[in-house]
Amino acid sequence: MTATVSISSVEKRYGAVRALRDVSFHLAPGRLSALVGHNGAGKTTLIKLMLGLIRAGRGSVRVLGEDPAAGEFSARRALGYLPENVAFNAALTGRETLGFYARLKQIAPAATWALLDRVGLSDAADRRVGTYSKGMRQRLGFAQALLGQPRVLLLDEPTTGLDPALRQTFYEILNELREGGTTVLIS
């Protein structure tokens, strides 16, 4: 089985600070894996490399067979990403926000409304995001990350702000994705 994510001998420095040193791993489809480490261990740096937001100083990063830092990273639409701290336009509603991200991924916005229900936001979908609690914004971020049924899902401390019941739903969704072949990486 071909790896969906391959990290080989990766190093990344920020000036004199070596954030990553000789990191290698491969993730297969349907794999749920966790990056564990203390603050400053390089977890977010690895995720940024996989998203193509930064380049490795040495080594190779491949996501869905492509270099995410290359100019045209066509696999980007097959990625889902939830940052640790989500930030949305407070003036838009939850539905408008999800519709905006759907259009970026070339998905019809109306095809995404079920995601709002799946993450428990259907009752608040037409409220402005500025009125949402931290947990509600996190759920909206999770719905955004699930757009287009991603083949690779990268989650940076995703349960921040979620209550215990919603955490259970979150993990149920992750198991469904994994069973469907999505590679899931949680820091």
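The values are calculated or read from the model by the stated rules, or taken from the named source; none is laboratory data. Computed from a prediction, not measured in an experiment: that's the story for all the values here. Quick reminder, even Gly has a Cβ in these numbers, built from the backbone with ideal geometry, and neighbours come from all protein chains shown. Note: accessible area is taken over every heavy atom of the protein model, side chains too, but ligands, DNA and RNA are not part of it. Shrake-Rupley method; radii C 1.70, N 1.55, O 1.52, S 1.80 Å.
Quick test for you: out of P68, P29, pick the one residue that is touching a Gly at 6+ places or on another chain (Cβ under 7 Å) and either part of a strand (DSSP E or B) or within 23 Å of Y101 (Cα to Cα) (or both). Only one candidate qualifies: P68. Looking at the structure I just gave you, is R18 in contact with a Lys or Arg (Cβ under 9 Å, 6 or more places away or on another chain), in a strand (DSSP E or B) and surrounded by fewer than 19 Cβ atoms within 10 Å (Cβ to Cβ)? Yes: the conditions hold for R18.
Where residues in the stretch 38-61 are at positive phi and not in a strand (DSSP E or B), which of them is most open to solvent (accessible area, probe 1.4 Å)? Ranking the qualifying residues of the stretch 38-61, first place goes to G40. In the stretch 71-93, what residues are within 17 Å of V152 (Cα to Cα), out of contact with any Pro (no Cβ under 8 Å at 6 or more places or on another chain) and outside any loop (DSSP other than H, G, I, E, B)? Answer for the stretch 71-93, where residues must be within 17 Å of V152 (Cα to Cα), out of contact with any Pro (no Cβ under 8 Å at 6 or more places or on another chain) and outside any loop (DSSP other than H, G, I, E, B): S74, R77, Y81. Picking from residues in the stretch 1-15 that are of a type in the set (V, I, T) and outside any strand (DSSP E or B), the one that is surrounded by the most Cβ atoms within 10 Å (Cβ to Cβ) is T4. Among the residues of the stretch 134-157 satisfying the criterion of being open to solvent by 60 Å² or more (accessible area, probe 1.4 Å) and not in a loop (DSSP other than H, G, I, E, B), which is farthest from T4 (Cα to Cα)? Checking each candidate, the answer is K134.
The residue list T112, T160, T97, T131 contains one member that is touching a Lys or Arg at 6+ places or on another chain (Cβ under 8 Å) and either of a type in the set (S, T, Y) or surrounded by 15 or more Cβ atoms within 10 Å (Cβ to Cβ) (or both), which is T160.
Being out of contact with any helix residue (DSSP H, G or I) (no Cβ under 8 Å at 6 or more places or on another chain) and within 26 Å of N89 (Cα to Cα) narrows it down to one residue among A125, A145; which is it?
A145
Among the candidates L46, L51, L64, single out the residue that is hydrophobic (A, V, I, L, M, F, W, C) and touching a Phe, Trp or Tyr at 6+ places or on another chain (Cβ under 7 Å).
Working: L46 fails: touching a Phe, Trp or Tyr at 6+ places or on another chain (Cβ under 7 Å); L64 fails: touching a Phe, Trp or Tyr at 6+ places or on another chain (Cβ under 7 Å).
Going through L46, L51, L64 in turn, the sole match is L51.
One residue stands out in the stretch 163-187 among those that are among the β-branched types (V, I, T) and within 14 Å of D117 (Cα to Cα): the one that is least open to solvent (accessible area, probe 1.4 Å), namely I173.
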